[in-house]
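The values are calculated or read from the model by the stated rules, or taken from the named source; none is laboratory data. Source: prediction; values computed, not measured. All Cβ positions, glycine included, derive from the backbone under ideal geometry; neighbour counts span all protein chains shown. Surface accessibility is based on the protein's heavy atoms, side chains included, excluding ligands, DNA and RNA. Shrake-Rupley method; radii C 1.70, N 1.55, O 1.52, S 1.80 Å.
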Amino acid sequence: GSETGVALEASEKIVVSALCRGVSDVQWLPMDECPVERWSSLGCPLILTCSTTGQGEFPETAKNTWEVLRMSDA
């Protein structure tokens, strides 16, 4: 989840690091493009990066994910 690019840059570094270490099956997506409901069936590690904007608002690319997590009983 990135609005100003901070989390985007951090996630890019994680992807490059994984690729350099031989991880070949890497998907790099905006947070809301991988629904929470799918997380448990991915069969691989999931790394999320997010930075808030302004007064602690979630970036547009993470708002749906945050709402699902906030309303979850888990």
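Within segment 8-40, being in a loop (DSSP other than H, G, I, E, B), open to solvent by less than 90 Å² (accessible area, probe 1.4 Å) and modelled with pLDDT under 90 holds for 23, 26, 29, 30, 34, 35.
Among the residues making up segment 48-66, those that are touching a Ser or Thr at 6+ places or on another chain (Cβ under 8 Å) and among the β-branched types (Val, Ile, Thr) are 49, 53, 61. Checked against (1) touching a residue at least 40 places away in the same chain (Cβ under 8 Å); (2) touching a helix residue (DSSP H, G or I) at 6+ places or on another chain (Cβ under 7 Å), residue 26 meets all criteria but (1). Checked against (1) open to solvent by less than 90 Å² (accessible area, probe 1.4 Å); (2) among the polar types (S, T, N, Q); (3) outside any loop (DSSP other than H, G, I, E, B), residue 64 passes all but condition (1). Against the criterion of being surrounded by fewer than 10 Cβ atoms within 10 Å (Cβ to Cβ), within 19 Å of residue 14 (Cβ to Cβ) and hydrophobic (A, V, I, L, M, F, W, C), residue 44 qualifies.
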